[in-house]
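Down below is the structure, laid out as structure tokens.
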Amino acid sequence: MGVKGFIRAVQAAQRQAEREAKRRQRELERQQKEYAKMQKLERAVYEVECYENKIDLLLSIHKECGNVWDWEEIQKSKAPTKPSKNNQKKVIAKMELENFKPGIFIRLFGRTEIKRNNLIEAINVAKKQDENDYQDSVKLYEQKSKDWEESQSLAEKILSGDSDAYYKAIKEINPFSEINQIGSEIDFNIINTFLIEATLKPNSEKVIPNETKSLLTSGKLSVKKMPKGYFYELYQDYVCGCILRVSRELFALLPVEMVIIHAIGNLLNSKTGNLEEKTILSAAIPRKTLETFNFDMLDPSDSMDNFVHKMNFKKSKSFEAVEKINPSDLK
């Protein structure tokens, strides 16, 4: 091959290498776009899942309930057993000393007495450990005894219908923590042994999203302003769900037979242009009726028809003010 032929061959090889590099570059660029697209898609999926989870949480708040408190069983429970001293570690250490038989290497190097002294010292250490264990068990027993005495006293008072004990149980056990976390305030008024009045203040602005999120076929995230009608429906189901949840928790916690719950919302006063707190739902919930419900299948708003209640709701306007149910009106 002549010089010119050699140069042409080198140039062709360079062009071939360049074409390969360009092709690889385009391939890498395409992969980078796919990677970026995949990251964007994953973010979109995550945001949609978070949105749907929040809606599901709002609409399923009535489905959960804490454990039932059997105050009669609590009152019958036995006091903790006082611990007794246990010298187990010392006994084991003494057995090791009694069974000690120096081996040939210990005797050979004259370490028999050292080993025996170590075993004697181990007995003293074990004795101290037994004492520490005992003191720890005494402290645990004293704490359990204190808890048991308090639970006995609380159970006795609750079973006798002591309103202060009702308040204490609600405050200390706090079965409404989930509702409070979502954004509602609850106040209670113990009417008598069988009836509790509760006031619920759902916070719609902080609880219910003002936007809807969905995933388009292209993989992009779609964010739109939530339609008012849909917002109002979510708000109604959330408020009614909270009414059911509060009732369930109270019936699980205390031996009452009926709960009257008033939901308070911020409504516009057209005369002043200001928002004012008004009763938007008032319902009297009997225990016997609530115990027949299938909470996984019911619609919270529709379920209010099972109770004596006052609610004026329009899909285009949301709630309107209603009068509270007066406990004295109920037989």
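Read the figures in this text as sums done on the coordinates, not as results from a lab. Note that the structure is predicted; figures quoted are calculated from it, not measured. So basically every Cβ, Gly included, is an ideal-geometry build from the backbone, and we count neighbours across all protein chains shown.
Quick rundown of the values:
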item: Distance in nm between pseudo-label sites at residue 43 and residue 131 (7 Å out along the Cβ direction from Cα); result: 6.5 nm
item: Taking 226, 311 and counting other C-beta atoms within 10 Å, the order from fewest to most; result: 226, 311
item: For the range 179-331: span of alpha carbons on each principal axis (Å, largest first); result: 59, 42, 26
item: In order through the range 241-251: 3J(HN,Hα) via Karplus (6.51 cos²θ - 1.76 cosθ + 1.60), integer Hz, x for Gly, Pro; result: x, 5, 4, 5, 5, 4, 4, 4, 5, 5, 5
item: Most to least packed among 56-65, 256-265 [average Cβ atoms within 10 Å]; result: 256-265, 56-65
item: Counting DSSP beta bridges with both ends in the range 202-303, the antiparallel % (nearest 5); result: 100 percent
item: Backbone HN-Hα couplings from phi across the range 53-63 [Karplus 6.51/-1.76/1.60, Hz, Gly and Pro as x]; result: 5, 5, 5, 4, 5, 5, 7, 10, 4, 6, 7
item: Ordering of 207-215, 191-199, 145-153 by packing [mean C-beta count within 10 Å, highest first]; result: 191-199, 207-215, 145-153
item: Exposure proxy ranking, count of Cβ atoms within 10 Å, fewest first, for 314, 324; result: 314, 324
